[in-house]
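J.: Right, I'll just put the structure down here and ask away after.
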Amino acid sequence: MIAEMNGIAAHAGSPFTPGYGRAPLVFGGHEDELDELTRVFQTLDFGENHSVLISGLRGAGKTSMLMMLQDAARREGWLVISDDASAGLMDRVMETTIPAMLDTLEPATRTRLSSLGIWQINAQLEYVDRHRQTKPLLRRDLIALSEHIGPDAGILITIDEVSSGKIRLRELSRFALEVSHALQAGANVMIVFAGIKIDLDALLEQEHTTFLRRSRQLDFRRLTPGETRHVLDESIRIGGRRIEHDALNQLISVSQGYPYLIQLAGDYAWRNNPRSAVIDQAAADVAHEKAITAVQRRVISRVYQDLSEKDREFVQAMAQDSGRSKISDIVKRMDVSAQYVQVYKKRLIDTGYVRSDGHGYVAFSLPYLGEYIRSMNDEPAAVDDGWDAFPPPPSV
């Protein structure tokens, strides 16, 4: 919503969305893939898009992509099942999500569905319970829903936060098996899994996930400088303000193409003086300091804590260099074999935190991870908090 404030067009709030689970106002990168996937909701011409795997480091825009797909599917009349890969996924979908979905369908569709003997629906055409004459199976639900919502719509299933824990992977494998049976029966279903690449790879190694190995795969990394500029500039324009050229360049440099940091830096710059028509250099300076501190505290510190001991040794060896690191130097610093280092190099590349940077070199792909590791070795500066003038009295 745009409102007039002090003679300028002002957004009702910040157009940036650094909070978790909020789709960005302007989506950067992967526009072609987004367009292709959303066309499926209009045409039902799936091609390779019955199953999609979205990988990428934390904050790279995977959840935002899922939300964009969900909104596009609903606009075309599709049913949407959205959840994460936490324990109890199958029960939540079958016992909560689908029953709630039934109550949103047209009365004629609910009547047809009730005649199948899968769900109990009362005289008011509201879901009551699941029939138990046959074993409840997700595949039955998906096939029935797909057949009775009509030929011009389908079912989108999005599963976020895929984890490589053994118990979670077993449940996801069973879930995938049920979806594959529904697809084989002709159900119009698109399923999208999102997570870190190393976790998605672990899912593909499970039983019953053969059809997922043929999935469309999208890898979310950093945006280009041009894409970053577009997201920042266009979000500010839609919000009803403009930004000085040098201030915009500074926000681009600060964010380093990392989607979460783009939203965070843009939000800090916007809120610095929200009543001004122009975001100036002073606002960009404030955003610079606040955004880096916040991303290191909220994301990078947690990423580092999640790494294994040997992964940490690898990135600590990398952090001794201000730019890219030579693999042979990492071998010397870790005092291990080159073959050993290659194992952890691959693991870290698969997490998205490290990337190859020319033959024999690696670099951090998560901005400010190297700086965070180096800062842990810095001695904290002494802080005068005023209490030196008030020493504690001796105990009585």
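Values quoted throughout were computed directly from the atomic coordinates according to the rules given, and no laboratory measurement underlies them. Model, not experiment: these values are computed from the prediction. Glycine also receives a Cβ, built like all others from the backbone with ideal geometry; neighbour counts cover every protein chain displayed.
J.: Would you mind giving the average projected area, over all directions, of the Cα convex hull of the range 240-350 in nm² with one decimal?
T.: Details: hull surface 32.5 nm².
Over every viewing direction, the Cα hull of the range 240-350 projects on average to 8.1 nm².
J.: Could you work out the equivalent-ellipsoid semi-axes for the range 309-376, taking the square root of 5 times each eigenvalue of the Cα gyration tensor, largest first, in whole Å?
T.: 16, 13, 12
J.: Separate question: What is the order of Met334, Met318, Met376, fewest Cβ neighbours within 10 Å to most?
T.: Values: Met334 16, Met318 24, Met376 10.
Sorted ascending by nearby Cβ count, the order is Met376, Met334, Met318.
J.: Right, something else. Among His288, His30, His359, which one shows the highest mean-square fluctuation when the chain is modelled as a Gaussian network with alpha-carbon springs under 10 Å?
T.: His359
J.: Assigning unit charges at the beta carbon (Lys, Arg +1; Asp, Glu -1) and nothing else, what dipole magnitude in debye, to the nearest 20, does the chain show about its Cα centre?
T.: Numbers: 45 positive and 54 negative charges, 161 e Å.
Roughly 780 debye, rounded to the nearest 20.
J.: A further question follows. Using a Gaussian network model on the chain with a 10 Å cutoff between Cα atoms, which of Val303, Val52, Val254 fluctuates the most?
T.: Taking springs between Cα atoms under 10 Å, the residue moving most is Val303.
J.: What is the log10 of I(q)/I(0) for the range 31-220, computed with the Debye formula using one identical point scatterer on each Cα and no solvent, at q = 0.09, 0.11, 0.15 Å⁻¹?
T.: Each listed q maps to, in turn, -0.31, -0.47, -0.88.
J.: Here's a follow-up. Nearest 500 deg cm²/dmol is fine: what mean residue ellipticity at 222 nm does the chain get from its DSSP H runs of n ≥ 4 alone, each adding -39,500 (n - 2.57), divided by its residue count? Numbers along the way, then the final one.
T.: Values: 17 runs with 182 residues, N = 396.
Mean residue ellipticity at 222 nm (helix-derived): -14000 deg cm²/dmol.
J.: On to the next question. Of Ser146, Ala187, Met90, whose Cα points farthest to the positive end of the dipole of the range 31-220 (charges on the beta-carbon: +1 Lys, Arg; -1 Asp, Glu; origin at the Cα centre)?
T.: Of the options given, the answer is Met90.
J.: Using Cα-Cα distances under 8 Å and only pairs 6 or more residues apart, what relative contact order does the range 31-220 have, in percent? Kindly include the intermediate steps, with their values, before the conclusion.
T.: Details: 300 pairs, mean separation 65.9, N = 190.
It comes to 35 percent, rounded to a whole number.
J.: Pull up all non-local amide H partners of Val192: gap of 5 or more, or a different chain, and H-to-H distance under 5 Å with H placed in the peptide plane.
T.: Under 5 Å from the amide H of Val192: Val52, Ile157, Thr158, Ile159.
J.: At Asp129 and Asn377, where each label point lies 7 Å from the Cα along Cα→Cβ, what is the point-to-point distance in nanometres?
T.: The modelled label-to-label distance comes out at 6.6 nm.
J.: Still on this structure, I have one more. Amide H of His208: which non-local residues (sequence gap of 5 or more, or other chain) have their own amide H closer than 5 Å, using H built in the peptide plane?
T.: Residues meeting the amide H criterion: none.
J.: Restricting to the range 31-220, what percent of DSSP beta bridges are antiparallel, rounded to 5? The partial results should precede the final answer.
T.: Working: 3 of 24 bridges.
Bridges in the range 31-220 that DSSP calls antiparallel: roughly 10 percent.
J.: Just the number, please: Stokes-Einstein D of the chain in µm²/s, Kirkwood Rh from C-alpha pairs, 37 °C, 0.692 mPa s.
T.: For these conditions, the coefficient is 136 µm²/s.
J.: Using a Cα-Cα cut-off of under 30 Å, which lysines could be cross-linked to Lys345, ignoring same-chain neighbours fewer than 8 residues away?
T.: Lys62, Lys166, Lys197, Lys310, Lys326, Lys332
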